[in-house]
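The values are calculated or read from the model by the stated rules, or taken from the named source; none is laboratory data. If you're wondering where the values come from, they're calculated on a predicted model, not measured in any experiment. Don't worry about glycine lacking a Cβ; one is built from the backbone with ideal geometry, like all the others, and counts go over all protein chains shown. Only protein heavy atoms, including side chains, enter the accessible area calculation; ligands, DNA and RNA are left aside. Shrake-Rupley method; radii C 1.70, N 1.55, O 1.52, S 1.80 Å.
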Amino acid sequence: MDNGFDDVVGLVIIIAAVIGIVFVIWAAIMCVAVVGQIVGMGYAIGNFVLAVRSVSAERRSIWHYKSAEAKSDLGTTPPYKGAVFEEYAAKMYIMGPVFADIFSVIKTAIKLNFRHRMDFSDSDKGNWFLTAVVRIYIIGRGISIYVFGLLFSIAISLVIMIVSACCASLLFPVIGVFLLSESIYFKSKQINFRCASCKKEYSLPKYICPSCGIYHNWLKPGRFGIVHRKCLCGTILPLTVKTKGKVFSTDPLTGAIVTYPLMLSEIDCVCPFCGEENNAGLSHNISIALVGGASAGKTTFKVAFQQQFLTDEAIKQDLEVDFPDKESEDEYEMAGQYFSGRAVIPATNSGVKSDISTFSFILRNSAFQADRTVQIYDLPGERFESGTAREHWEHFSFTDGIVFLIDPFSIDKVRRDNSCDIKDSVMGICAADMNVLIESMQSTFDNLRLKKNKNGKFELPVALAISKVDSPLLKQQCGSKAVDRLVKGAPGVFKDRFAAMDYACRCFLDMNGGSNFIQTLDNSFQTVHFFSCSAVGSIPKTSFTRFAPQNVMSIMQWLMIRADRKDLGAVWHPEEQVDDLSDDQKQLYRTARNYYDDLVLKPILVT
């Protein structure tokens, strides 16, 4: 019995010892595995940090460029003339690059983790136990690096991505607020952009960095900045009208970096369609088109206005004048030569780049919300008659008024009646029929689909100007003498000289075969006013003739103030102001022709 009990006890002791040894070995293995896993975690975290550093270093190396390839294509130093900022620059970090970097970090971390392969080549220690411990450690570390490294990289990156997405979602409304405020500012100040070259209107020009010359297509709050944008060269460009940017320059004497403020209005810009310069700044454009047949007197009309307004009237009205380009400034200087009779006005010909020539000037006054840029469009008569302008008449879609010049001597009867006065004249005479010209213009406008009122009439105002009213007969028929007789003879009807002038011109054209012409104008356009005028002031007998304009300023004043009553109209106060006519006033030539017959024609017949 005792021997049997002892055997059982011995067996139990042996089994317990074996279990203890196995447990110790298992515990040791587990400890080694845990140590390996912990070490593996450390490696995984270290690899994630290395991946972050690697991507961060790459981001710093390309700085604000989209990629290293883009940087190498652009070059390492300015100037970057001809390049476009948006094609090379990266978005604000929170608006996109951060997400690309997060995926790059995950990818790099995984690559680094899988470089730690389970290498057992040095695991043989000559002792099975030590060899097993080393191999278990290697396996534990490897599994930890692979599994924990992957999960850790994804988890941390997911947290960063969520935080970044939240920040980006909060940034969008901020950008929207800035964009909305800029839009409200531009609309309240009536700021717009019109190209003098290609005759197109656009919402924003291409701005040119003053330091490196690179183009900025959309210099507004957005993905590249909210109130400022850093150009590729380091210049800080403003993104709003009120924001100040910074231009950095090196002092040639001391070598120190000097900083200069930069406003949006001070940055040179070009048309986004044709690339021509537009240095009018942030201004409100007023555009007036001069139309008519060849030799109708458009250029002489423009010369008369240039000199009368810019040399005299602008000074009287306390308006500061400037020019946005050298071409307009040179044209104004030459207009002075023509106006004083020291040079001969050349014919209006098509230009190298465009058919429609543009004369521009800037008006400034402390009362203006923004500068006013006035553009006068002048088209060669033969282009207008044929409708073959390279610009395709697009400027009429935003033109604020038209001066339609009619040469009275293009009418056979008028030319015969005044033959004695014009036989020795050097002036050209328009050969185009006025009815054909108005039909051509109406057809052009129909194709452009210009804005119409509820009655189907074009809202674009038209000043119909009978030009060259210089002969004694014309002055009595539709010029100053006719107006004087109407105002004096029927003061209750003609309280306004310009209303009397409209009536006299309509009656004159009506009795000379222009009834259809007048009716077409009234039926097609909401606002029409007839004028008689003379750019030269006399029938020129020599090419060198001094100008003495009549009614040119009144015609342009009516259209310009009508286009900008709020600002220009509040500053410009001419001695005689032209008002719009009622439908009854415009139809007076048909319903009350007796005033013209009795007060205008009878004195002429008696004479």
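For the structure I just gave you, tell me whether Arg565 is out of contact with any Leu (no Cβ under 7 Å at 6 or more places or on another chain) and either in contact (Cβ under 8 Å) with a residue 60 or more places away in the chain or surrounded by 23 or more Cβ atoms within 10 Å (Cβ to Cβ) (or both). Write out each step before concluding.
On the way: out of contact with any Leu (no Cβ under 7 Å at 6 or more places or on another chain): yes; either in contact (Cβ under 8 Å) with a residue 60 or more places away in the chain or surrounded by 23 or more Cβ atoms within 10 Å (Cβ to Cβ) (or both): no.
No.
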> Between residues in the stretch 71-100 that are closer than 26 Å to Leu170 by Cα and at pLDDT 75 or above and residues that are open to solvent by 50 Å² or more (accessible area, probe 1.4 Å) and assigned to a helix (DSSP H, G or I), which pairs lie under 6 Å by C-beta distance while being six or more apart or on different chains?
Replying inline: none
>> Against the condition not in a strand (DSSP E or B) and not acidic (Asp, Glu), how does Phe530 come out, does it pass?
In response: no
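Part of a helix (DSSP H, G or I) and open to solvent by 50 Å² or more (accessible area, probe 1.4 Å), is that true of Asp318?
no
In the stretch 169-185, what residues are of a type in the set (A, V, I, L, M, F, W, C) and either free of Cβ contacts under 8 Å to residues at least 12 places away in the same chain or open to solvent by 70 Å² or more (accessible area, probe 1.4 Å) (or both)? Talk me through it step by step, then tell me what you get.
Taking the stretch 169-185 as the starting set, the residues that turn out to be of a type in the set (A, V, I, L, M, F, W, C) are 170-172, 174-175, 177-180, 184.
Those that are of a type in the set (A, V, I, L, M, F, W, C) and either free of Cβ contacts under 8 Å to residues at least 12 places away in the same chain or open to solvent by 70 Å² or more (accessible area, probe 1.4 Å) (or both): Leu170, Phe172, Val177, Leu180, Ile184.
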>> It is to be established whether one or more residues within the stretch 578-590 are more than 31 Å from the chain's Cα centre (by Cα), buried (at least 19 other Cβ atoms within 10 Å of the Cβ), hydroxyl-bearing (Ser, Thr, Tyr) and more than 30 Å from Tyr338 (Cβ to Cβ).
In response: yes
> Name the residues in the stretch 265-286 that are under 18 Å from Gln369 (Cβ atoms), of a type outside the set (A, V, I, L, M, F, W, C) and modelled with pLDDT of 90 or more, would you?
Replying inline: Ser283, His284, Asn285
>> Please verify whether Asp579 is at pLDDT below 95 and in contact with an Asp or Glu (Cβ under 8 Å, 6 or more places away or on another chain), treating the condition exactly as stated.
In response: yes
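Considering only the stretch 231-247, how many residues are in contact with a helix residue (DSSP H, G or I) (Cβ under 7 Å, 6 or more places away or on another chain), buried (at least 21 other Cβ atoms within 10 Å of the Cβ) and either among the polar types (S, T, N, Q) or free of Cβ contacts under 8 Å to residues at least 40 places away in the same chain (or both)?
So in the stretch 231-247, the residues in contact with a helix residue (DSSP H, G or I) (Cβ under 7 Å, 6 or more places away or on another chain) come out as 231-232, 238, 240-241.
Imposing the further condition that a residue be buried (at least 21 other Cβ atoms within 10 Å of the Cβ) reduces the set to 231-232, 238.
Now drop any that are not either among the polar types (S, T, N, Q) or free of Cβ contacts under 8 Å to residues at least 40 places away in the same chain (or both), which leaves 238.
Within the stretch 231-247, residues that are in contact with a helix residue (DSSP H, G or I) (Cβ under 7 Å, 6 or more places away or on another chain), buried (at least 21 other Cβ atoms within 10 Å of the Cβ) and either among the polar types (S, T, N, Q) or free of Cβ contacts under 8 Å to residues at least 40 places away in the same chain (or both) number 1.
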>> Would you confirm whether or not the stretch 553-563 contains a residue that is under 24 Å from Val344 (Cβ atoms) and part of a helix (DSSP H, G or I)?
In response: yes
> Does Ala304 count as assigned to a strand (DSSP E or B) and either under 27 Å from Met441 (Cα atoms) or free of Cβ contacts under 8 Å to residues at least 60 places away in the same chain (or both)?
Replying inline: no
> Which residues, taken from the stretch 592-607, are modelled with pLDDT of 95 or more and β-branched (Val, Ile, Thr)?
Replying inline: Val600
> Since Ser357 meets every condition but one in (1) open to solvent by 30 Å² or more (accessible area, probe 1.4 Å); (2) of a type in the set (Gly, Ala, Ser); (3) over 30 Å from the mean Cα position of the chain (by Cα), which condition does it not meet?
Replying inline: (3)
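Scan the stretch 262-301 residue by residue and report those that are under 30 Å from Val469 (Cβ atoms), open to solvent by less than 20 Å² (accessible area, probe 1.4 Å) and in a loop (DSSP other than H, G, I, E, B). Spell out how you get there, then give the answer.
First pass over the stretch 262-301, keeping only residues under 30 Å from Val469 (Cβ atoms): 286-301.
Keeping just the survivors that are open to solvent by less than 20 Å² (accessible area, probe 1.4 Å) gives 286-293, 296-298, 301.
Once the filter is applied, which keeps residues that are under 30 Å from Val469 (Cβ atoms), open to solvent by less than 20 Å² (accessible area, probe 1.4 Å) and in a loop (DSSP other than H, G, I, E, B), the stretch 262-301 yields Gly292, Gly293, Ala296, Gly297.
When you scan the stretch 411-455, how many residues do you find that are outside any helix (DSSP H, G or I) and within 16 Å of Gln519 (Cβ to Cβ)? Talk me through it step by step, then tell me what you get.
Of all residues in the stretch 411-455, those outside any helix (DSSP H, G or I) come to 411, 418, 423-433, 449-455.
Subset that is within 16 Å of Gln519 (Cβ to Cβ): 433, 455.
So the answer is 2.
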